[in-house]
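Reviewing the structure listed below.
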Amino acid sequence: MHNRILTLAFGIMMFWFIPGQAATTINFMLKQVDHAEDVAQAAYIDNGKLLIKAAGGDPNFDLLFQQANETMTIIDHSEKTTLDVDAVKVETLANQAEGMMDVIRQQVASQMENLSEEQQQQVQQMIENMGVGQLMKEPAPPVQPKTFKDVGMQKINGYSCQKMEVYQGNDKVSEICTAQPADMGIPAEDYAVIQAMQAMSQKLRDKTAKISAQMGQNVPQFGDTDAPGVPVQMTDKAGNSMTITQVQNGIGDVNLNKPVGYTPKQMPSLPQLTQ
């Protein structure tokens, strides 16, 4: 299940910028460099909840965020299960994994000192073949703060937005075009729902940054809490992009609750993650 969580997370990374509104549908288009076809999707917001159906383009997975208890629920229709994810559980797991990785790295480094160069290369190759080569590397340095460079106004699908280039140090990491919620017909109290979702995803990312970087994974975020307004369009460094195509009132007959009869699952334990 933990692998599916990571896959789902990477799949949904592009619409961290979906705004929230009670009884509102946000239609958007995903362009992914490793997919031949663009994916049209929608997010549904009502009464403090936000549901993304077929998250990341996978029809088996939905993502439900509840502002009241700051919980994200991963809904797996193929297995008929639900998994609640909150920051406390993730922090506990990340702290345990980080401590274990430090011990393993120290033990392996100590043993490598007594091996010949050829034996060290054999052990290193074995570690790489196991997919945990990052364990031998020291944690990456802290990420530099983001800065935003205004590059002018732009109109996208009828929405006027301020285009900005996003940098970390001298490295341009993305482009983003933001609009004010009111200009898109989004009430402030409803936009607060997506802001809460963005803040939670950022918190999860921060808590797992060390472990995920060492394992060659990164926890994606739903939004940049430093970026002002609603990102109408965002393009990352790799060329993946998300563009809001339309904001509509109402969500039709979409149900923003957990499916009845689905089996609740628990967050994976540390032994499960290391198997």
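Read the figures in this text as sums done on the coordinates, not as results from a lab. These numbers come from a predicted model, not from an experiment. Reconstructed Cβ throughout: ideal geometry from the backbone, glycine too, with neighbour counts over all protein chains shown.
Please give the peptides 54-65, 28-39 ranked by average Cβ packing (other Cβ atoms within 10 Å per residue), highest first, as a rough proxy for protection.
54-65, 28-39
Provide the net charge surrounding LEU30, with neighbours chosen by a C-beta distance below 14 Å and charges set as Lys +1, Arg +1, Asp -1, Glu -1. If you can, show how the numbers build up before the last one.
On the way: positive: LYS31, LYS53; negative: ASP34, GLU37, ASP38, ASP58, ASP236.
Around LEU30, the charge tally is -3.
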Fill in the blank from the handout: Neighbours of ALA196 by Cβ distance under 13 Å: Lys/Arg at +1, Asp/Glu at -1, summed charge -2
